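Here's the structure, in structure tokens; my notes come after.
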Amino acid sequence: MENVKKYKITIIITTLITLLPILFGLIVWNRLPEQIATHWGADGQADGYSGKTFAVFGMPCILAILQLFVSFITLNDPKRRNIHKKPLTLVLWVIPVMSLIVNVITYGVALGMEINVGIIVSILIGILFVILGNYMPKLQQNFTVGIRVPWTLNSTENWNRTHRLGGKMFILGGFLLIITGFLGSVMGDYGTLAALIVIVVICAGVPAVYSFWLFKRGV
């Protein structure tokens, strides 16, 4: 609990930012329809709707609870000292930023704006991957941040080698996702989604397979 107390102010601020979209929702409350799109299919079209009350209050509250859970788990990691300050800061701020972006998109669509959700998601995930890739080689063994497979957790050398490769993969994959997003109008919604899935699977899968290969070689 000592670590939680140390980051108490950060946790409070990030949680309040996660809940901030509620304020905007109240400001535009009278302009919002009773049913608001909260889920989009592979074709970029809305295929799931929620009541106005849930869209304005429920989504931010769910994300705020998730933020508190992630913060508590990360800050109580037995090896938290191995998580550098910048990656830890990134972990604590991902959900608040996501809450702002997701809810801005939700409100924008509800208010009649033309927004291609698939393209935005691809670009945002790409940016996140590039940031993660830059920090990944600097990560030391821990139980919450990084490529946490049995072989990396049981060997420091395996962890270090896997994360060096993972860093390169995530940076490359991130730039490819950003490019995919900008080419979304050419590739189409299904093409953009397929590219996103393939890139994410490769970026996550190759380092895990490499880690297992190292394990087989006694690393």
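The values are calculated or read from the model by the stated rules, or taken from the named source; none is laboratory data. Not measured: the values here are computed from a predicted model. Heads up, the Cβs are rebuilt from the backbone with ideal geometry, glycines too, and the neighbour counts pull from every protein chain shown.
Pick out the one residue from Gly166, Gly126 that is among the small types (Gly, Ala, Ser), out of contact with any Cys (no Cβ under 9 Å at 6 or more places or on another chain) and either closer than 30 Å to Trp29 by Cα or not in a loop (DSSP other than H, G, I, E, B) (or both).
Gly126
Write out, first by first residue and then by second, each pair whose Cβ atoms fall under 9 Å of each other, whose residues are 6+ apart or on separate chains, and whose first residue, in the stretch 194-219, is under 16 Å from Gly174 (Cβ atoms) while the second is in a loop (DSSP other than H, G, I, E, B).
Qualifying pairs under 9 Å: Ala195/Leu183; Ala204/Ile147; Pro207/Ile147; Pro207/Val149.
Out of the residues in the stretch 88-119 meeting the condition of being under 29 Å from Met136 (Cβ atoms) and among the hydroxyl-bearing types (Ser, Thr, Tyr), tell me which one is nearest to the chain's Cα centre (by Cα).
Ranking the qualifying residues of the stretch 88-119, first place goes to Ser99.
Could you identify the single residue in Leu23, Leu66 that is outside the structural domain of His163 (by TED's automatic domain parsing), modelled with pLDDT of 80 or more and surrounded by 14 or more Cβ atoms within 10 Å (Cβ to Cβ)?
Being outside the structural domain of His163 (by TED's automatic domain parsing), modelled with pLDDT of 80 or more and surrounded by 14 or more Cβ atoms within 10 Å (Cβ to Cβ) holds for just one of Leu23, Leu66, which is Leu66.
If you go through the stretch 144-162 one residue at a time, how many are under 23 Å from Ser71 (Cβ atoms) and either part of a helix (DSSP H, G or I) or out of contact with any helix residue (DSSP H, G or I) (no Cβ under 7 Å at 6 or more places or on another chain) (or both)?
2
When you go through Thr74, Thr38 one by one, which is the residue that is in contact with a strand residue (DSSP E or B) (Cβ under 6 Å, 6 or more places away or on another chain), surrounded by 15 or more Cβ atoms within 10 Å (Cβ to Cβ) and modelled with pLDDT under 90?
Going through Thr74, Thr38 in turn, the sole match is Thr38.
For the stretch 143-152, does any single residue satisfy the condition of being over 23 Å from Leu88 (Cβ atoms) and surrounded by fewer than 21 Cβ atoms within 10 Å (Cβ to Cβ)? So that I can check it myself, show each step before the final result.
Of the residues in the stretch 143-152, the ones over 23 Å from Leu88 (Cβ atoms) are 150-151.
Checking the rest, the ones that are also surrounded by fewer than 21 Cβ atoms within 10 Å (Cβ to Cβ) come to 150-151.
Checked against the condition, which is being over 23 Å from Leu88 (Cβ atoms) and surrounded by fewer than 21 Cβ atoms within 10 Å (Cβ to Cβ), the stretch 143-152 yields at least one hit.
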